[in-house]
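For reference, the structure is listed below as structure tokens.
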Amino acid sequence: MQTQISHDPRLAVEIAGIRFNNPVMGASGTFGYGLEFAELIDLNRLGGFSTKGLSARPLSGNAPPRIVETHGGMLNAIGLQNVGARAFVDNKLPLLRRFDTVVIANVFGYSDEDYVEALRILNDGEGIAAYELNISCPNVKEGGSVIGNSPVAAARLTEKAKLASSRPLIVKLSPNVTDVALVARAIAEAGADSLSLINTIVGTSIDINTRRPRLSYGTGGLSGPAIRPIAVRMVQEVASAVDLPLIGIGGIASASDALEFIIAGATAIQIGTANYYDPTITIKVIDGISDYCDQHQVENITELSGSLERLRG
Amino acid sequence: MLVLSFERHIEVRAGQFAMLRAAGSFEPLLRRALAVYRQMDPSRLSFLYQVLGRGTESLARCASGSKIEALLPLGNSWPVDNSTSAASRAGIAQTDRAIVVVGGIGSASLLMLCEQLARQQCEAHVLFGARNVATAGGCGLEDFRALRLPLEITTDDGSLGEQGFVTKPLERLLSTPDFSQAVVYACGPWVMMNRVADIAARSSVSCLVSLEAPMGCGFGVCVGCVVAVRTSGPAGYESYKRVCIDGPIFSAENIDWNVNPNSCS
């Protein structure tokens, strides 16, 4: 399909050889398979998006209740309900090819072998630009953050995934660690092409009347504006520790939020929870970044990446 | 009651809902799912709701004339339109007899259905259950009365109509031969709908329910608002359905009533 979009050339970025028309993407788990947004926004305007986590086989996810709202955010324990990598390749991907946007397949497994199997299935799919390895989901008992919280396990999986993958590999980091830079370095040395961060932060909420957790899984991942300062700090730490392009994620709900991540060291950003209460938020953020470039005479957004002024002290 | 005026015509089917939030507010974060109560004219809709938490509180605080962020119409609708055989598509036997079971603020999803049944001159019987006379009024009893369909009222404390749960007149009605082929439509608290589903199943009549679950987005992407559905095989991908786009209206027999999506058991 011919698209008539004129992108702001100042916003183009590149990650692992992939060109994005702008640095704004939909974050995995909040953007479905992209198609759900096709009636709400013009997908061609997006830099890209990351799919709901795909596993080698379909997953049914956790029992409800799966979400609970908190101040400035929400907890979720979806448990990676998804159609499976094969159904994505066969049924969703053909419909996505008519859009001119970068499709990143987010990949999940319970074991290293599961991840590799999902990657092999996805390698068949035409129209996927890169993989985002989800080693940081806090809502499953195996895989996910069990791997992402250990530098050794994370590096081992990254190596195997890199071998199995026909496409650039982005690894999504867990914030539920003492030293995020340590894990980031291990994953970078194992061959990742890019890192995205942060995934959700483990939390819980209790119903004081029943004295039970509000989520059936017991705990969930906290997302939304409440986590943004933590995410920006972690991007800054990882930017100082590794020489890889970073994708900043965590509570972004405006252009200024996005710019904080970019100044802290991210090349691009993903928007998650804000899509729920404003499905057009990605477009507003893209336009807002263009406005910022006008006001601050920014010729290319890449100038801003990692431009944080250090305080003397 | 919230009345929204839109810049353009909005076509809503009975049982559909909207995601609403006061414009420009930051807290609470998520929009709230409210059933469309009534289509007042092509560009005006009303919503009947109870103030239960931060979201409905913030909507209730909105001054007249203020702006609301809205996404609608969402979800499926009550299958009553015989002409398009929506009922048969939903696996529901077509019938000219209906029983509408209203449980408290579940009324919000049912008024448009009753309007439609009244228009189609379907023999519809309304059973209206509420905690007491005051909540019955707050749940729109007068609007249901105005439709002049046969109506029975129950209240928990007996302050209006028959004392007890709304399932009492339902059992009575279903024991009469007139209603042996009826379709039961219900919306209300989970426990009530569970009971209604049991009673309908025992009487071998079709039963449709409109469900509620905590919603993140309302359009299918967050996969937060799921209900457990009965599956014949081992638990698989189809074990959970999203209330927002697979529902909110489901055939009661497909629901696993042991798993309440609104609280941990």
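Table for the structure above
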{"read-out": "Residues B:ARG230 and A:LYS141, FRET efficiency given R0 of 25 Å [Cβ-Cβ distance, rounded to 0.05]", "value": "0.50"}
{"read-out": "Inter-label distance for B:ALA60 and B:THR176, nm, one decimal - labels placed 7 Å from Cα along Cα-to-Cβ", "value": "3.8 nm"}
{"read-out": "At R0 = 51 Å, FRET efficiency that the Cβ-Cβ distance of A:GLU113 and A:LEU40 yields, to 0.05", "value": "0.85"}
{"read-out": "Gap separating the Cα centres of segment A:48-88 and segment A:171-227, nearest whole Å", "value": "14 Å"}
{"read-out": "Fraction of the pair-distance distribution of segment B:82-254 above 26 Å, Cα-Cα pairs, percent", "value": "29 percent"}
{"read-out": "B:VAL243 long-range amide H proximity, modeled H, under 5 Å", "value": "B:CYS225, B:VAL226, B:VAL227"}
{"read-out": "Cα centroid separation - segment A:271-313 against segment A:1-46, whole Å", "value": "15 Å"}
{"read-out": "Whether the protein assembly as shown is rounded, prolate or oblate, judged on the alpha carbon gyration tensor where a/c under 1.5 counts as rounded", "value": "prolate"}
{"read-out": "Amide H contacts of B:CYS222 (H built 1.01 Å from N, under 5 Å, at least 5 apart or other chain)", "value": "B:CYS217"}
{"read-out": "Normalised contact order of segment B:82-254, rounded percent, pairs of Cα under 8 Å and 6 or more residues apart", "value": "19 percent"}
{"read-out": "Residue-averaged beta-carbon neighbours from other chains (10 angstrom radius) around B:210-219", "value": "5"}
{"read-out": "For segment B:2-74, diffusion coefficient by Stokes-Einstein and Kirkwood Rh (Cα), 4 °C, 1.567 mPa s, µm²/s", "value": "105 µm²/s"}
{"read-out": "Longest site-free stretch - chain B; sites: trypsin sites (Lys or Arg not before Pro), DSSP loop, at most 13 other Cβ within 10 Å", "value": "B:149-229"}
{"read-out": "Beta bridges per DSSP with both ends in chain A, % antiparallel, nearest 5", "value": "40 percent"}
{"read-out": "FRET efficiency estimate (nearest 0.05) - Cβ-Cβ, A:GLU303 to A:ASP179, R0 30 angstrom", "value": "0.50"}
{"read-out": "Over chain A, relative contact order from alpha-carbon pairs under 8 Å, at least 6 apart, %", "value": "19 percent"}
{"read-out": "Subset of A:LYS92/A:LYS284; B:LYS168/B:LYS241; A:LYS172/B:LYS67; A:LYS172/A:LYS284 violating a 28 Å alpha-carbon distance limit", "value": "B:LYS168/B:LYS241; A:LYS172/B:LYS67"}
{"read-out": "Fewest-first ranking of B:PHE26, A:PHE261, using other Cβ atoms within 10 Å as the exposure measure", "value": "B:PHE26, A:PHE261"}
{"read-out": "For chain A: rounded, prolate or oblate by the Cα gyration tensor [a/c cutoff 1.5]", "value": "rounded"}
{"read-out": "Antiparallel DSSP beta bridges within the protein assembly as shown, as percent of all bridges there, nearest 5", "value": "45 percent"}
{"read-out": "Check: segment B:2-74 dipole with +1 on Lys, Arg Cβ and -1 on Asp, Glu Cβ, in debye", "value": "60 debye"}
{"read-out": "Share, in percent, of DSSP beta bridges within segment B:82-254 that are antiparallel, nearest 5", "value": "20 percent"}
{"read-out": "Gap separating the Cα centres of segment B:144-210 and segment A:90-160, nearest whole Å", "value": "49 Å"}
{"read-out": "CD proxy at 222 nm, helix term only [per DSSP H run n ≥ 4: -39500 (n - 2.57); per residue of the protein assembly as shown; nearest 500]", "value": "-6500 deg cm²/dmol"}
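Computed from the coordinates by the stated procedures, all read-outs in this text should not be read as laboratory data. What you are looking at is a predicted structure, and each value in this text was computed from that prediction instead of being measured. Note: ideal-geometry Cβ built from the backbone for every residue, glycine included; neighbour counts use all protein chains shown.
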